[in-house]
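A short worksheet on the structure shown next.
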Amino acid sequence: MNIPVTTCGKCRRPLSDPKSVERGYGPDCWASIQSEAQEHKKPFADAAAQSDYDYHVVTGQAMPVIVIEDLDRGGKSVTNNADAVYAAVLAEAGYGPGEAKVIYRDSDGCYDGLALSDGKVQFYPLRRVERVKSEAEAIASIKWAEQAATP
């Protein structure tokens, strides 16, 4: 049985509003927490803005797949700005690390996987021999790449 939280998780004052009880925080503390979260995301968004990219989310898989595409419009390449772009895209899409698979289409039209390892974004190939050039093939190749990486 879940007992509703009746005091704010931040300031410990009593909660009476049903939405605040559901959230576990009063409106002022909730606004403060949201503001802090936005400030935490800001450095990544600012750094990611140096690159020209777009992304979309593909669902219907065991786990959502975020597809990042380098638009190659003269800004910093996504390859050279992967940490910031990865963090900004996950935050904007509403996913945390490990909650979605991420693939990346470079300016040559080839796909690779992206994964977080020890706090840094690592690229991994989606095929052993040929570079993957279609999104559908890239998504299908994620499972192969993960199995190949497992000893």
Each label sits 7 Å from Cα toward the beta-carbon; between VAL57 and LYS120 the label points are separated, in nm, by 2.9
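Per-residue counts of other Cβ atoms within 10 Å, averaged by peptide: what ranking do you get for 121-127, 60-66, highest first? The partial results should precede the final answer.
Values: 121-127: 17.0, 60-66: 13.7.
Ranking the peptides 121-127, 60-66 by packing returns 121-127, 60-66.
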Here the stretch 93-107 yields Karplus 3J(HN,Hα) values (6.51, -1.76, 1.60; θ = phi - 60°; whole Hz; Gly and Pro given as x) of 6, x, 10, x, x, x, 8, 8, 7, 10, 10, 9, 9, 7, 5
Any residue on another chain or 5+ positions along whose placed amide H is under 5 Å from the amide H of LEU126 is listed here as GLY113, VAL132
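What GluC sites (Glu not before Pro) does the stretch 73-145 have in DSSP loop regions with at most 15 other beta carbons within 10 Å? Kindly include the intermediate steps, with their values, before the conclusion.
On the way: sites: GLU92, GLU99, GLU130, GLU135, GLU137; in loops: GLU99, GLU130.
Sites meeting the loop and neighbour criteria: GLU99, GLU130.
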Once ASP28 and THR6 are pulled to full extension, the length gained, defined as 0.36 nm per residue separation minus their Cα-Cα distance, is 6.4 nm
Here the stretch 6-19 yields Karplus 3J(HN,Hα) values (6.51, -1.76, 1.60; θ = phi - 60°; whole Hz; Gly and Pro given as x) of 10, 10, 5, x, 10, 9, 6, 6, x, 10, 10, 5, x, 5
Expressed as a whole-number percentage, the relative contact order of the stretch 65-149 with C-alpha contacts under 8 angstrom and at least six residues apart is 25
A correct Karplus calculation of ³J(HN,Hα) over the stretch 59-74, with 6.51 cos²θ - 1.76 cosθ + 1.60, θ = phi - 60°, whole Hz and x for Gly and Pro, returns 10, x, 9, 4, 9, x, 10, 9, 10, 9, 10, 6, 7, 6, 10, x
Ordered by fewest other Cβ atoms within 10 Å, a rough proxy for footprinting exposure, CYS29, CYS110, CYS11 read CYS11, CYS110, CYS29
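The numbers here are math on the coordinates, done by the rules we state, and not lab data. Remember, it's a predicted structure, so these values are computed and weren't measured experimentally. Every residue, glycine as well, gets a Cβ built from its backbone with ideal geometry; the counts of neighbours run over all protein chains shown.
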